[in-house]
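Below is one structure, written out as C-alpha coordinates; comments come after it.
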Amino acid sequence: MTSEHLQGFATRAIHAASPGNPVTGAVIPSIDLSVTFGIDAPGNPSGGYEYSRVGNPGRDALQHQLATLEGASHALTFATGLAAEDALLRSLLRPGDTVLLGDDVYGGTYRLLTGVFGRWEINVVTVDTSDLGAVERAVAEHSPSVIWLETPSNPLMTITDIAGVASVSGDAVVVVDGTFATPYLQRPLSLGADVVVHSTTKYLGGHSDVMGGVVATNHGHIAEAVAEHQSAAGAVLSPFESWLTMRGIKTLALRMEKHCDNAEAIAQALDTDPRVKRVLFPGLSDHPGREIAQAQMVRMGGMLSFELASAEHAHAFVTATSLFTLAGSLGSVDSLVNHPATMTHAALEGTPNEISSALIRLSVGIEDVEDLLADLNQALDAASSH
Ligand SMILES: Cc1ncc(COP(=O)(O)O)c(C=O)c1O
(Lines give C-alpha, C1' and ligand atoms only; values in the text may rest on other atoms or scores of the structure.)
Protein backbone atom coordinates (compact mmCIF):
# COMPACT_ATOMS: atom_id res chain seq x y z
CA MET A 1 0.00 0.00 0.00
CA THR A 2 1.49 3.39 -0.97
CA SER A 3 1.29 6.39 1.34
CA GLU A 4 -1.28 7.86 -1.10
CA HIS A 5 -3.75 5.16 -0.08
CA LEU A 6 -3.39 6.11 3.60
CA GLN A 7 -4.31 9.75 3.07
CA GLY A 8 -7.78 11.18 3.65
CA PHE A 9 -10.27 11.61 0.82
CA ALA A 10 -9.95 15.38 0.41
CA THR A 11 -6.14 15.15 0.35
CA ARG A 12 -6.23 12.41 -2.27
CA ALA A 13 -8.80 14.31 -4.36
CA ILE A 14 -6.35 17.20 -4.61
CA HIS A 15 -2.96 15.51 -4.68
CA ALA A 16 -3.80 12.47 -6.81
CA ALA A 17 -4.53 14.89 -9.64
CA SER A 18 -1.64 15.49 -12.00
CA PRO A 19 1.16 17.63 -10.53
CA GLY A 20 2.02 21.00 -12.05
CA ASN A 21 4.90 21.63 -14.38
CA PRO A 22 8.33 21.02 -12.77
CA VAL A 23 10.05 23.05 -15.52
CA THR A 24 8.02 26.27 -15.15
CA GLY A 25 6.90 25.81 -11.56
CA ALA A 26 3.23 26.01 -12.58
CA VAL A 27 1.16 24.45 -9.77
CA ILE A 28 -1.66 23.46 -12.11
CA PRO A 29 -1.17 20.75 -14.76
CA SER A 30 -0.97 21.84 -18.37
CA ILE A 31 -3.46 20.60 -20.94
CA ASP A 32 -1.76 18.47 -23.59
CA LEU A 33 -3.85 19.20 -26.66
CA SER A 34 -1.48 17.34 -28.96
CA VAL A 35 -3.26 14.68 -30.98
CA THR A 36 -0.07 12.82 -31.72
CA PHE A 37 3.29 12.34 -29.99
CA GLY A 38 6.71 11.96 -31.59
CA ILE A 39 8.32 8.57 -31.00
CA ASP A 40 11.96 7.39 -31.01
CA ALA A 41 11.36 4.47 -33.32
CA PRO A 42 8.32 2.54 -34.56
CA GLY A 43 6.76 0.78 -31.57
CA ASN A 44 8.90 2.78 -29.11
CA PRO A 45 7.03 5.82 -27.73
CA SER A 46 9.66 7.78 -25.79
CA GLY A 47 7.21 9.55 -23.45
CA GLY A 48 4.72 6.68 -23.25
CA TYR A 49 2.22 8.30 -25.63
CA GLU A 50 1.56 7.90 -29.36
CA TYR A 51 -1.96 9.06 -30.21
CA SER A 52 -4.56 10.75 -28.01
CA ARG A 53 -7.43 8.33 -28.68
CA VAL A 54 -5.23 5.59 -27.21
CA GLY A 55 -3.76 7.67 -24.39
CA ASN A 56 -3.36 11.29 -23.32
CA PRO A 57 -1.48 12.59 -20.25
CA GLY A 58 -4.48 14.59 -18.96
CA ARG A 59 -6.87 11.66 -19.32
CA ASP A 60 -4.37 9.39 -17.56
CA ALA A 61 -4.04 11.90 -14.72
CA LEU A 62 -7.82 12.05 -14.24
CA GLN A 63 -8.05 8.25 -14.44
CA HIS A 64 -5.41 7.97 -11.71
CA GLN A 65 -7.26 10.51 -9.54
CA LEU A 66 -10.57 8.62 -9.96
CA ALA A 67 -9.03 5.18 -9.34
CA THR A 68 -7.40 6.49 -6.16
CA LEU A 69 -10.69 7.85 -4.84
CA GLU A 70 -12.68 4.75 -5.78
CA GLY A 71 -10.15 2.28 -4.31
CA ALA A 72 -9.74 0.77 -7.78
CA SER A 73 -6.66 -0.44 -9.60
CA HIS A 74 -8.06 0.82 -12.91
CA ALA A 75 -10.31 3.70 -14.03
CA LEU A 76 -11.17 4.51 -17.63
CA THR A 77 -12.90 7.72 -18.66
CA PHE A 78 -15.25 8.36 -21.56
CA ALA A 79 -16.97 11.26 -23.28
CA THR A 80 -20.22 10.77 -21.31
CA GLY A 81 -21.63 8.50 -18.63
CA LEU A 82 -23.57 6.56 -21.24
CA ALA A 83 -20.45 6.11 -23.39
CA ALA A 84 -18.77 4.57 -20.32
CA GLU A 85 -21.78 2.29 -19.75
CA ASP A 86 -21.84 1.31 -23.43
CA ALA A 87 -18.12 0.42 -23.48
CA LEU A 88 -18.45 -1.62 -20.28
CA LEU A 89 -21.52 -3.52 -21.49
CA ARG A 90 -19.94 -4.26 -24.88
CA SER A 91 -16.89 -5.58 -23.04
CA LEU A 92 -18.90 -7.82 -20.70
CA LEU A 93 -21.75 -9.12 -22.87
CA ARG A 94 -22.14 -11.58 -25.76
CA PRO A 95 -25.33 -12.18 -27.79
CA GLY A 96 -27.75 -14.36 -25.81
CA ASP A 97 -26.57 -13.05 -22.42
CA THR A 98 -28.95 -11.76 -19.78
CA VAL A 99 -28.64 -8.59 -17.73
CA LEU A 100 -30.45 -8.35 -14.42
CA LEU A 101 -31.29 -4.66 -14.25
CA GLY A 102 -32.46 -2.74 -11.19
CA ASP A 103 -36.09 -1.70 -11.67
CA ASP A 104 -35.28 1.92 -10.85
CA VAL A 105 -32.34 3.15 -12.90
CA TYR A 106 -31.59 6.18 -15.06
CA GLY A 107 -33.93 6.10 -18.08
CA GLY A 108 -30.98 6.36 -20.49
CA THR A 109 -29.45 3.17 -19.06
CA TYR A 110 -32.76 1.38 -19.52
CA ARG A 111 -33.01 2.68 -23.11
CA LEU A 112 -29.42 1.66 -23.92
CA LEU A 113 -29.96 -1.88 -22.67
CA THR A 114 -33.46 -2.57 -23.95
CA GLY A 115 -33.19 -0.54 -27.17
CA VAL A 116 -29.63 -0.73 -28.46
CA PHE A 117 -28.48 -3.94 -26.77
CA GLY A 118 -31.89 -5.54 -27.28
CA ARG A 119 -31.18 -5.51 -31.03
CA TRP A 120 -28.02 -7.56 -30.36
CA GLU A 121 -29.89 -10.34 -28.58
CA ILE A 122 -29.23 -9.20 -25.03
CA ASN A 123 -32.08 -10.09 -22.66
CA VAL A 124 -32.97 -7.63 -19.95
CA VAL A 125 -34.81 -8.76 -16.81
CA THR A 126 -35.74 -6.05 -14.32
CA VAL A 127 -35.76 -6.76 -10.60
CA ASP A 128 -36.13 -4.81 -7.36
CA THR A 129 -32.49 -5.02 -6.26
CA SER A 130 -33.41 -3.82 -2.75
CA ASP A 131 -35.15 -7.21 -2.32
CA LEU A 132 -32.27 -9.70 -1.93
CA GLY A 133 -34.62 -12.69 -2.11
CA ALA A 134 -35.92 -11.45 -5.48
CA VAL A 135 -32.34 -10.99 -6.74
CA GLU A 136 -31.38 -14.49 -5.59
CA ARG A 137 -34.42 -16.05 -7.32
CA ALA A 138 -33.76 -14.07 -10.53
CA VAL A 139 -30.10 -15.19 -10.53
CA ALA A 140 -31.19 -18.84 -10.17
CA GLU A 141 -33.81 -18.50 -12.92
CA HIS A 142 -31.92 -16.40 -15.48
CA SER A 143 -28.17 -16.98 -14.83
CA PRO A 144 -27.35 -13.36 -15.70
CA SER A 145 -23.89 -12.32 -16.90
CA VAL A 146 -24.33 -8.88 -15.38
CA ILE A 147 -26.31 -7.44 -12.46
CA TRP A 148 -26.66 -3.66 -12.87
CA LEU A 149 -27.96 -1.49 -10.07
CA GLU A 150 -28.09 2.06 -8.78
CA THR A 151 -28.02 2.96 -5.11
CA PRO A 152 -29.45 5.42 -4.24
CA SER A 153 -31.56 4.86 -7.33
CA ASN A 154 -32.78 7.41 -9.82
CA PRO A 155 -35.40 8.82 -9.16
CA LEU A 156 -37.03 6.73 -6.40
CA MET A 157 -34.07 6.89 -3.99
CA THR A 158 -34.25 3.14 -3.29
CA ILE A 159 -31.30 1.74 -1.35
CA THR A 160 -29.75 -1.59 -2.34
CA ASP A 161 -27.48 -3.59 -0.04
CA ILE A 162 -24.41 -3.82 -2.30
CA ALA A 163 -22.64 -6.48 -0.21
CA GLY A 164 -25.91 -8.47 -0.07
CA VAL A 165 -26.31 -8.45 -3.86
CA ALA A 166 -22.64 -9.41 -4.30
CA SER A 167 -23.21 -12.40 -2.00
CA VAL A 168 -26.10 -13.77 -4.11
CA SER A 169 -24.76 -12.78 -7.54
CA GLY A 170 -23.48 -16.22 -8.60
CA ASP A 171 -21.19 -15.82 -11.63
CA ALA A 172 -22.61 -12.44 -12.61
CA VAL A 173 -20.48 -9.31 -12.74
CA VAL A 174 -22.01 -6.83 -10.27
CA VAL A 175 -22.00 -3.26 -11.62
CA VAL A 176 -23.03 -0.32 -9.43
CA ASP A 177 -23.86 3.05 -10.95
CA GLY A 178 -22.65 5.24 -8.10
CA THR A 179 -23.47 8.59 -9.72
CA PHE A 180 -25.83 9.79 -6.94
CA ALA A 181 -23.45 8.95 -4.09
CA THR A 182 -20.00 9.67 -5.60
CA PRO A 183 -16.91 7.95 -4.15
CA TYR A 184 -16.97 10.52 -1.34
CA LEU A 185 -20.11 8.96 0.14
CA GLN A 186 -19.92 5.32 -0.99
CA ARG A 187 -17.29 2.98 -2.42
CA PRO A 188 -19.04 -0.01 -4.02
CA LEU A 189 -15.83 -1.95 -4.79
CA SER A 190 -15.03 -2.14 -1.07
CA LEU A 191 -18.53 -3.61 -0.55
CA GLY A 192 -18.06 -6.43 -3.06
CA ALA A 193 -19.17 -4.88 -6.37
CA ASP A 194 -16.99 -5.81 -9.36
CA VAL A 195 -17.31 -2.54 -11.25
CA VAL A 196 -18.45 0.98 -10.43
CA VAL A 197 -19.56 3.47 -13.07
CA HIS A 198 -20.33 7.17 -12.77
CA SER A 199 -21.63 9.86 -14.97
CA THR A 200 -18.83 12.33 -14.09
CA THR A 201 -21.09 14.92 -15.73
CA LYS A 202 -22.82 15.10 -12.34
CA TYR A 203 -21.17 15.57 -8.92
CA LEU A 204 -17.61 14.69 -9.94
CA GLY A 205 -17.42 17.49 -12.53
CA GLY A 206 -19.87 19.30 -10.30
CA HIS A 207 -20.60 22.53 -12.17
CA SER A 208 -22.85 21.53 -15.13
CA ASP A 209 -20.08 22.50 -17.53
CA VAL A 210 -18.42 19.24 -18.55
CA MET A 211 -19.71 15.81 -19.55
CA GLY A 212 -17.95 12.52 -18.90
CA GLY A 213 -18.15 8.99 -17.57
CA VAL A 214 -15.90 6.52 -15.79
CA VAL A 215 -15.62 2.76 -15.36
CA ALA A 216 -13.55 1.69 -12.32
CA THR A 217 -12.64 -1.85 -11.26
CA ASN A 218 -10.07 -4.01 -9.51
CA HIS A 219 -10.44 -6.78 -12.11
CA GLY A 220 -7.53 -6.55 -14.56
CA HIS A 221 -9.30 -8.60 -17.24
CA ILE A 222 -12.37 -6.32 -17.19
CA ALA A 223 -10.19 -3.19 -17.29
CA GLU A 224 -8.22 -4.64 -20.20
CA ALA A 225 -11.37 -5.38 -22.20
CA VAL A 226 -12.80 -1.90 -21.52
CA ALA A 227 -9.44 -0.25 -22.38
CA GLU A 228 -9.40 -2.16 -25.68
CA HIS A 229 -12.88 -0.87 -26.38
CA GLN A 230 -11.91 2.65 -25.36
CA SER A 231 -9.06 2.64 -27.83
CA ALA A 232 -10.90 0.77 -30.60
CA ALA A 233 -14.23 2.64 -30.50
CA GLY A 234 -12.81 5.95 -29.29
CA ALA A 235 -15.52 7.63 -27.19
CA VAL A 236 -12.77 9.10 -25.01
CA LEU A 237 -12.76 12.16 -22.79
CA SER A 238 -10.93 15.09 -24.42
CA PRO A 239 -7.88 16.73 -22.80
CA PHE A 240 -9.83 19.86 -21.83
CA GLU A 241 -12.76 17.89 -20.39
CA SER A 242 -10.30 15.70 -18.45
CA TRP A 243 -8.73 18.84 -17.01
CA LEU A 244 -12.09 20.40 -16.07
CA THR A 245 -13.25 17.17 -14.41
CA MET A 246 -9.97 16.87 -12.49
CA ARG A 247 -10.43 20.44 -11.27
CA GLY A 248 -14.03 19.75 -10.20
CA ILE A 249 -13.01 16.65 -8.22
CA LYS A 250 -10.57 18.69 -6.13
CA THR A 251 -13.54 20.31 -4.32
CA LEU A 252 -15.77 17.20 -4.26
CA ALA A 253 -15.43 16.63 -0.49
CA LEU A 254 -16.41 20.20 0.38
CA ARG A 255 -19.24 20.32 -2.11
CA MET A 256 -20.72 17.00 -1.02
CA GLU A 257 -20.86 18.07 2.63
CA LYS A 258 -22.88 21.16 1.67
CA HIS A 259 -25.09 19.19 -0.76
CA CYS A 260 -25.82 16.77 2.11
CA ASP A 261 -26.51 19.54 4.67
CA ASN A 262 -28.94 21.30 2.32
CA ALA A 263 -30.72 18.12 1.17
CA GLU A 264 -31.21 16.98 4.79
CA ALA A 265 -32.78 20.31 5.75
CA ILE A 266 -35.04 20.32 2.68
CA ALA A 267 -36.12 16.69 3.15
CA GLN A 268 -37.08 17.42 6.77
CA ALA A 269 -39.05 20.53 5.77
CA LEU A 270 -40.93 18.79 2.93
CA ASP A 271 -41.61 15.75 5.11
CA THR A 272 -43.63 17.80 7.60
CA ASP A 273 -45.35 19.93 4.94
CA PRO A 274 -49.05 19.06 4.48
CA ARG A 275 -48.89 20.12 0.79
CA VAL A 276 -46.49 17.22 0.09
CA LYS A 277 -47.78 13.65 -0.19
CA ARG A 278 -44.52 11.80 0.50
CA VAL A 279 -40.78 12.41 0.48
CA LEU A 280 -38.21 9.88 -0.74
CA PHE A 281 -34.86 10.48 0.98
CA PRO A 282 -32.79 7.78 2.72
CA GLY A 283 -32.00 10.14 5.60
CA LEU A 284 -35.63 10.20 6.77
CA SER A 285 -36.50 7.90 9.68
CA ASP A 286 -39.27 6.10 7.77
CA HIS A 287 -37.20 5.35 4.64
CA PRO A 288 -37.08 1.53 4.22
CA GLY A 289 -33.41 1.62 3.17
CA ARG A 290 -32.24 3.91 5.95
CA GLU A 291 -30.30 1.32 7.96
CA ILE A 292 -28.46 -0.06 4.94
CA ALA A 293 -27.75 3.45 3.69
CA GLN A 294 -26.28 4.38 7.06
CA ALA A 295 -24.07 1.29 6.95
CA GLN A 296 -22.76 1.70 3.40
CA MET A 297 -22.81 5.48 2.89
CA VAL A 298 -21.01 8.24 4.76
CA ARG A 299 -23.96 10.63 4.41
CA MET A 300 -27.18 10.59 2.36
CA GLY A 301 -26.29 12.81 -0.58
CA GLY A 302 -27.88 15.78 -2.28
CA MET A 303 -30.70 14.08 -4.21
CA LEU A 304 -34.29 13.64 -3.10
CA SER A 305 -37.69 13.08 -4.66
CA PHE A 306 -41.19 13.88 -3.49
CA GLU A 307 -44.73 13.40 -4.65
CA LEU A 308 -47.52 15.96 -4.84
CA ALA A 309 -51.25 15.27 -5.04
CA SER A 310 -51.40 14.98 -8.85
CA ALA A 311 -49.58 15.43 -12.17
CA GLU A 312 -51.18 18.89 -12.44
CA HIS A 313 -49.77 19.91 -9.06
CA ALA A 314 -46.34 18.62 -10.11
CA HIS A 315 -46.48 20.56 -13.39
CA ALA A 316 -47.47 23.75 -11.58
CA PHE A 317 -44.64 23.23 -9.07
CA VAL A 318 -41.81 22.61 -11.54
CA THR A 319 -42.79 25.67 -13.57
CA ALA A 320 -42.95 27.90 -10.47
CA THR A 321 -39.50 27.48 -8.94
CA SER A 322 -36.92 30.16 -9.62
CA LEU A 323 -33.66 29.13 -7.87
CA PHE A 324 -34.32 25.50 -8.79
CA THR A 325 -33.93 25.47 -12.57
CA LEU A 326 -36.16 23.03 -14.43
CA ALA A 327 -33.49 20.95 -16.17
CA GLY A 328 -32.60 17.35 -16.86
CA SER A 329 -29.32 16.88 -15.06
CA LEU A 330 -28.11 16.72 -11.44
CA GLY A 331 -25.11 17.03 -9.17
CA SER A 332 -24.21 20.63 -9.88
CA VAL A 333 -23.49 23.46 -7.46
CA ASP A 334 -26.74 25.07 -8.61
CA SER A 335 -30.07 23.52 -7.66
CA LEU A 336 -32.13 21.76 -10.31
CA VAL A 337 -35.69 20.45 -10.39
CA ASN A 338 -36.78 17.64 -12.67
CA HIS A 339 -40.04 15.97 -13.69
CA PRO A 340 -38.77 12.39 -14.30
CA ALA A 341 -41.96 11.05 -15.93
CA THR A 342 -41.67 13.47 -18.85
CA MET A 343 -37.95 14.25 -18.76
CA THR A 344 -35.12 11.93 -17.60
CA HIS A 345 -37.31 8.83 -17.36
CA ALA A 346 -39.67 9.36 -20.31
CA ALA A 347 -38.19 6.15 -21.83
CA LEU A 348 -40.04 4.18 -19.13
CA GLU A 349 -43.52 5.37 -20.18
CA GLY A 350 -45.80 2.42 -20.79
CA THR A 351 -43.47 -0.06 -19.08
CA PRO A 352 -44.13 -1.68 -15.67
CA ASN A 353 -41.45 0.69 -14.29
CA GLU A 354 -43.16 3.88 -15.47
CA ILE A 355 -42.58 6.80 -13.06
CA SER A 356 -45.58 8.56 -11.48
CA SER A 357 -46.24 11.92 -13.11
CA ALA A 358 -46.87 13.38 -9.62
CA LEU A 359 -43.20 12.76 -8.72
CA ILE A 360 -40.64 15.57 -8.62
CA ARG A 361 -36.86 15.10 -8.26
CA LEU A 362 -34.60 17.70 -6.71
CA SER A 363 -30.87 17.98 -7.14
CA VAL A 364 -30.11 20.19 -4.17
CA GLY A 365 -27.27 22.61 -4.83
CA ILE A 366 -24.93 24.40 -2.46
CA GLU A 367 -26.71 27.77 -2.28
CA ASP A 368 -27.87 29.21 1.07
CA VAL A 369 -30.47 26.77 2.33
CA GLU A 370 -32.85 29.48 3.57
CA ASP A 371 -33.14 30.78 -0.01
CA LEU A 372 -33.76 27.26 -1.35
CA LEU A 373 -36.47 26.63 1.28
CA ALA A 374 -38.15 29.94 0.41
CA ASP A 375 -38.16 29.04 -3.29
CA LEU A 376 -39.68 25.61 -2.62
CA ASN A 377 -42.28 27.17 -0.32
CA GLN A 378 -43.50 29.67 -2.93
CA ALA A 379 -43.59 26.91 -5.59
CA LEU A 380 -45.67 24.71 -3.27
CA ASP A 381 -48.05 27.65 -2.80
CA ALA A 382 -48.28 28.06 -6.57
CA ALA A 383 -48.93 24.31 -6.99
CA SER A 384 -51.63 24.31 -4.29
CA SER A 385 -53.52 27.22 -5.85
CA HIS A 386 -53.18 26.25 -9.51
C1 LIG B 1 -27.51 7.79 -12.57
C2 LIG B 1 -27.06 8.17 -13.95
N3 LIG B 1 -26.24 7.35 -14.63
C4 LIG B 1 -25.81 7.65 -15.86
C5 LIG B 1 -26.21 8.80 -16.51
C6 LIG B 1 -25.74 9.09 -17.91
O7 LIG B 1 -24.73 10.04 -17.89
P8 LIG B 1 -24.41 11.06 -19.10
O9 LIG B 1 -25.56 11.99 -19.22
O10 LIG B 1 -23.13 11.69 -18.66
O11 LIG B 1 -24.26 10.23 -20.32
C12 LIG B 1 -27.05 9.69 -15.85
C13 LIG B 1 -27.48 10.94 -16.52
O14 LIG B 1 -28.35 11.63 -16.05
C15 LIG B 1 -27.49 9.36 -14.53
O16 LIG B 1 -28.33 10.17 -13.85
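The values are calculated or read from the model by the stated rules, or taken from the named source; none is laboratory data. Since this is a predicted model, take the numbers as computed values, not measurements. For neighbour counting, all protein chains shown are included, and Cβ atoms are generated from backbone atoms with ideal geometry for every residue, glycine included.
If Leu33 passes every condition in (1) touching a Lys or Arg at 6+ places or on another chain (Cβ under 7 Å); (2) at pLDDT 95 or above but one, which one does it miss?
(1)
Please enumerate the residues belonging to the stretch 206-229 that are closer than 21 Å to Pro57 by Cβ, within 19 Å of the chain's Cα centre (by Cα) and in contact (Cβ under 8 Å) with a residue 60 or more places away in the chain.
Met211, Gly212, Gly213, Val214, Val215, Ala216, Ala223, Val226
Is the stretch 28-46 home to any residue that is assigned to a helix (DSSP H, G or I) and assigned by TED's automatic domain parsing to the domain that holds Ser143?
Scanning the stretch 28-46 turns up no residue that is assigned to a helix (DSSP H, G or I) and assigned by TED's automatic domain parsing to the domain that holds Ser143.
Condition first: within 14 Å of the ligand (Cβ to nearest atom) and of a type in the set (Gly, Ala, Ser). Now tell me which residues in the stretch 327-356 satisfy that.
Ala327, Gly328, Ser329, Gly331, Ser332, Ala346, Ala347, listed by residue number.
Can you tell me which residue among Leu304, Leu308, Leu380 is within 16 Å of the ligand (Cβ to nearest atom), outside the structural domain of Leu185 (by TED's automatic domain parsing) and either among the hydrophobic types (A, V, I, L, M, F, W, C) or out of contact with any Phe, Trp or Tyr (no Cβ under 6 Å at 6 or more places or on another chain) (or both)?
After applying the criteria, what remains is Leu304.
State whether the residues of the stretch 53-65 include one that is away from the ligand (no atom under 16 Å from the Cβ), assigned by TED's automatic domain parsing to the domain that holds Ala233, closer than 20 Å to Ala225 by Cβ and among the hydrophobic types (A, V, I, L, M, F, W, C).
Within the stretch 53-65, one or more residues are away from the ligand (no atom under 16 Å from the Cβ), assigned by TED's automatic domain parsing to the domain that holds Ala233, closer than 20 Å to Ala225 by Cβ and among the hydrophobic types (A, V, I, L, M, F, W, C).
Just to be sure I understand, how many residues within the stretch 37-63 are surrounded by 15 or more Cβ atoms within 10 Å (Cβ to Cβ), over 29 Å from the mean Cα position of the chain (by Cα) and of a type in the set (Asp, Glu)?
1
Can you tell me how many residues within the stretch 201-225 are more than 16 Å from the ligand (Cβ to nearest atom) and either in contact with a Phe, Trp or Tyr (Cβ under 8 Å, 6 or more places away or on another chain) or among the aliphatic types (A, V, I, L, M) (or both)?
Here the count works out to 3.
Is there a residue being assigned to a loop (DSSP other than H, G, I, E, B) and more than 16 Å from the ligand (Cβ to nearest atom) anywhere in the stretch 96-105?
yes
Within 16 Å of the ligand (Cβ to nearest atom), at pLDDT 95 or above and either among the polar types (S, T, N, Q) or over 23 Å from Asp209 (Cα atoms) (or both) - does that describe any residue in the stretch 77-86?
Yes, there is a match, as at least one residue in the stretch 77-86 is within 16 Å of the ligand (Cβ to nearest atom), at pLDDT 95 or above and either among the polar types (S, T, N, Q) or over 23 Å from Asp209 (Cα atoms) (or both).
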